[in-house]
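This report concerns only the one structure given below.
The values are calculated or read from the model by the stated rules, or taken from the named source; none is laboratory data. Predicted model only: the values in this text are computed from it and were never measured. Cβ placement follows ideal geometry from the backbone for every residue including glycine, while neighbour counts extend to all protein chains displayed. Only protein heavy atoms, including side chains, enter the accessible area calculation; ligands, DNA and RNA are left aside. Shrake-Rupley method; radii C 1.70, N 1.55, O 1.52, S 1.80 Å.
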Amino acid sequence: MRKVLIVGGGIAGPVLGMWLKRLGMEVSIAEARPTAAVGEGAFLGVAPNGMNALEPLGVAGAVATAGTPCEAFQFINRKGDSIGVIDRSGDASAFGRPLTMIRRGQLNAILAEEAARQGVEIRWGQRLMGVDESHPSHVIARFEDGSESSADILIGCDGLRSRVRSLILPEAPAPSFTGLLDYGGFAQGIQVPVPPGINLMLFGRRAFFGTFVTPSGEIWWFHNGAPGSSDPEALRKSPDPTRERERLLELHREDPPWVSDVIRATPRLLGPWPIYDLHAMPRWHSGRVCLLGDAAHAMSPSAGQGAALAMEDALVLARCLRDIDAPSKAFAAFEKARRPRVDAIFRAARRNGSGKAVNSALSEWFRDRMLPFFLRLGASGQSKMYSYRLEWDQPRA
Ligand SMILES: Cc1cc2nc3c(=O)[nH]c(=O)nc-3n(C[C@H](O)[C@H](O)[C@H](O)COP(=O)(O)OP(=O)(O)OC[C@H]3O[C@@H](n4cnc5c(N)ncnc54)[C@H](O)[C@@H]3O)c2cc1C
């Protein structure tokens, strides 16, 4: 097996590309976006387990330099009272790298640049439309621009709305909407009650608001809340930032005033991203084609693990392809190795997301009384996820 086509150059694609180059394979990535899209998206946290999966590729340092370590999560209610703290200041010494907050566009650009530097060909502006699996010895990909590409194997790293998935596994379930819309933005010049380096998480009266201040004083924020009577897909496809900013202000009307100040001070409202997850996939592969990252197992960002799992997936799939000759057997070994961990984190992400949008004062009262208990549980679960370590030299599973 020599020639690999990866579809999708977000997070999973470039990381897998770098691993497969190590195996001496000829690797191309077809990415639908016309460029690396440095300014795209909001921000995310790369968990220590994800950073550790990047370390042997020599790219964790660049991500750490571009990002900011998270020292703690502080949870507050709408009165501003603390309902719990998860101290993460020991993560660098415990796990090697801390949870690293970084702009999404910057992370994607670092991964793509490093993959290209390591010899992975990236074809920007190539949107996959079709896959021909009828040949026993190779697979053919067809693109929107009319071009074709053949490869020994094709790996779908094309995210939540994976075209590869719908082509090779038409029976796969559709992603399910979690009931939450995510918006975000970058603001400056507002006083928020948290020092730089701490993720401040507000369980508000009707919605959730996360804030992170960088050392330069920039405020990174996100909102999670219900879409109300709006159709989430219609909002995603044609957002109306003025109307939606008003809706966010209304949803946070009973929360501390600095929340509205931050929303108002944000030059460009980003999103919405309706939050979906994808579970109970019958399988992750078919013949010479395999899915990886969100294409195989998207989960809500409430566990902060989707990107890290995509990075882990890449390492494990590369190990399977290194140790097993037949692609279908390598893909089956990959899926078997990854399912238990992915399933456990999927369940945690669903649990974490469940109290973010409440619709009555009674449910708010009940939630705020239960939260300290759940946060204590969450802290130990988070450390368990972070401590997960994969080594390249281990055998495949
Ligand atoms: C609002 C939000 C916040 C999040 N926060 C976090 C967080 O803090 N921490 C964390 O670990 N995870 C977080 N996640 C999850 C994380 O973003 C995903 O798990 C991660 O991006 C998955 O990586 P991926 O490479 O599988 O998919 P993606 O990053 O989605 O990349 C897929 C790529 O495929 C390309 N593509 C799609 N279709 C085609 C096609 N037909 N042809 C060619 N290319 C195609 C896309 O353009 C894209 O570049 C968050 C997700 C959301 C929505």
Only listed residue being assigned to a helix (DSSP H, G or I) and open to solvent by less than 10 Å² (accessible area, probe 1.4 Å), chosen from ALA92, ALA112: ALA112
Matching entry among GLY50, GLY45, GLY105 (being closer than 26 Å to PRO272 by Cβ, within 12 Å of the ligand (Cβ to nearest atom) and surrounded by fewer than 18 Cβ atoms within 10 Å (Cβ to Cβ)): GLY105
Enumeration of residues in segment 308-334 that are within 9 Å of the ligand (Cβ to nearest atom) and surrounded by fewer than 24 Cβ atoms within 10 Å (Cβ to Cβ): none
Test: residue in segment 212-226 that is small (Gly, Ala, Ser), more than 27 Å from ALA314 (Cβ to Cβ) and free of Cβ contacts under 8 Å to residues at least 60 places away in the same chain: yes
Residues being of a type in the set (Gly, Ala, Ser) and within 8 Å of the ligand (Cβ to nearest atom) - total across segment 280-295: 2
All strands (runs of 3 or more DSSP E) inside segment 147-234 with 3 or more residues being open to solvent by less than 40 Å² (accessible area, probe 1.4 Å) and in the same structural domain as MET129 (by TED's automatic domain parsing): 153-156
